[in-house]
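The values are calculated or read from the model by the stated rules, or taken from the named source; none is laboratory data. Here the structure is a predicted model, which means the values were calculated and not measured.
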Amino acid sequence: MAPSLKSAAQPRPGDEAPDGTPGTGEAICPDCEGSGKRDGRACPTCNGTGKVVQGIGGA
């Protein structure tokens, strides 16, 4: 059996849920405001991506 090419993205510290979770979506990181950098280094909240996964909508 061939190994799977699909790999799950590692959640970033600022993510509220894993990528692809129903009811979630990408949002701009609140700590680096989407730049991916904080204090001249990769933002620890989004791991330098400038994005986090957050819940959308509400109940």
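Laid out as a table, the results:
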| item | result |
| --- | --- |
| Exclusive hit being small (Gly, Ala, Ser) and modelled with pLDDT of 95 or more, set GLY48, GLY20, GLY55 | GLY48 |
| Any hit, the range 25-32, residues being in a loop (DSSP other than H, G, I, E, B) and modelled with pLDDT under 90 | no |
